[in-house]
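Undergrad: So that we are looking at the same thing, I have put the structure below in C-alpha cells.
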Amino acid sequence: MRKNTEDILMASEILRKASSLLVLTGAGVSAESNIPTFRGDNGLWNKYNPEDLVSVDGFRRNPALVWEWHCSMRKLAMSSNPNAGHFAIAQLEREFFCDGNFLLITQNIDDLHRRAGSENIAEIHGNIFYERCTKCAFRRRSEVIYDDVPRCPQCGSILRPDVVFFGEPLPEMEIAKSFSFAQKTDCILVVGTSGVVYPAAQIPYIVIEHGGKVIEVNKEETPLTKYADVHISGESGTILPEIVKTIR
Ligand code: BV8
Ligand code: ZN
C-alpha cells in the first residue's frame, strides 16, 4: 500500500460518518497554484518583514510599500488559478455536506476558493480584491494594480487593502460564525496551514475540546499534528481529490 493510502482511507471513513464538516485552509492550499506560502524555504516572509508589510504601524509608516506588496499579491492571484485541492474542497461542500452543515474558513486572501466554486466561505484575514477607506465606510471590489496609494472617492482619505493586519482584530461576523461552527461540528479538515497565526490557529482545538475529529493535510508536521486523528503528509492538490474519490 502506498505510504499514505491507509491515512486517506481513514480520513474518508471519518468524513463518511461526519454529520457536518468544517474546513480550515492556509497558504499551503494555494502553493500548487504558484502562490508562495509565508513561511518555509521559499516563504514570502523570508524576503519581507511582515511587521513592515502586514501591520498597522507598517501601513502608517509607509502606505506605498504596503500597497506595492499587496498589489503584487493581487497580480499573482489574478494570474493564478484554483488547483485540484481547491476544487476538491468545493466538491466536498456540493456533494457531501448539504447547506448548513459545511463551512470553509480560509486565512488566504487570494479568492481562489470562491473561483473554485466554494460558497460557504469565512475569509477571516480578508480578501486582496477589496479595499476600504481609512476614514469613512467606503469599500469596493477592485482588481486595479496601483502605481501609488489610492484615495477614497467619497472623502479623499487614503484607501487600504481590506485585509487583516497583524495586531488587528479579525472581522467580527466571520470570526463569530467560525467559532460557533467549530463549537458544534463533529469534524474539521485542516489543510496547508502552519498553525502559528492566532486566533485562526485556535479553531481546530475548539473542535477537539468537544470530541470532534481532526484530519490534517500538510507537507510537514505542525503543532496540531500530534492532536490530529489522522495526519496525511503530502500535497493537498494530490491528497484532497484522492479523499473525495474514496468517500464515495
Ligand atoms: C490579533 C493578512 C488581536 C493578509 C495575515 C504571540 C503569540 C501568539 C499570538 C501572537 C503573539 N504576538 C502577536 C500575536 C497575535 C498575532 C499572531 O498570531 N502572530 C503570530 C505570527 C505569532 N495575530 C494577530 O495579530 C491577529 N490579530 O490577534 O488581534 C486584537 C484583538 C482585539 C483588538 C486588537 C487586536 C491578526 C492575524 C492576521 C494577520 N494577517 N495576513 C495578508 O496576507 O496580507 S496572516 C498571514 O499568515 C496570512 O493570512 C496567512 O494565511 C497566515 C497564516 O499562515 P499560513 O496560511 O499557515 O501559511 P504558512 O506559510 O505559515 O504555512 C503554509 C503551510 O502549508 C505550511 O505548514 C506548509 O508545510 C504547508 N504547505 C506548503 N505547501 C503545501 C502545504 N500543505 C499542503 N500542500 C502543499 N502543496
Ligand atoms: Zn472615505
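The values are calculated or read from the model by the stated rules, or taken from the named source; none is laboratory data. Just so you know, these numbers come straight off a predicted model, no measurement behind them. Cβ: placed from backbone, ideal geometry, glycine included. Neighbour counts: every protein chain shown. Only protein heavy atoms, including side chains, enter the accessible area calculation; ligands, DNA and RNA are left aside. Shrake-Rupley method; radii C 1.70, N 1.55, O 1.52, S 1.80 Å.
Undergrad: Mind telling me which of the residues R139, R94 ends up being touching a Lys or Arg at 6+ places or on another chain (Cβ under 8 Å), open to solvent by 60 Å² or more (accessible area, probe 1.4 Å) and closer than 30 Å to A182 by Cα?
TA: None of the others qualify; the one that does is R139.
Undergrad: Tell me yes or no: at least one residue of the stretch 61-76 is open to solvent by 20 Å² or more (accessible area, probe 1.4 Å) and within 16 Å of ligand 2 (Cβ to nearest atom).
TA: The answer is yes; a qualifying residue exists.
Undergrad: Another question, if that's okay. Could you list, in sequence order, all residues of the stretch 141-169 that are at pLDDT below 95 and among the hydrophobic types (A, V, I, L, M, F, W, C)?
TA: Correct list: F166 only.
Undergrad: Kindly list, by first and then second residue, each pair from a residue in the stretch 214-228 that is in contact (Cβ under 8 Å) with a residue 24 or more places away in the chain and under 19 Å from E242 (Cβ atoms) to a residue that is in a loop (DSSP other than H, G, I, E, B) and more than 6 Å from ligand 1 (Cβ to nearest atom), limited to pairs with Cβ atoms under 6 Å and residues at least 6 apart or on different chains.
TA: Listed pairs, sorted by first residue: V214/A228; V214/D229; E216/L224; E216/A228.
Undergrad: Also, I was wondering about something else. Considering the stretch 150-163 alone, what residues qualify as being within 16 Å of ligand 1 (Cβ to nearest atom) and either among the charged types (D, E, K, R) or open to solvent by 30 Å² or more (accessible area, probe 1.4 Å) (or both)?
TA: Within the stretch 150-163, R160, D162 qualify.
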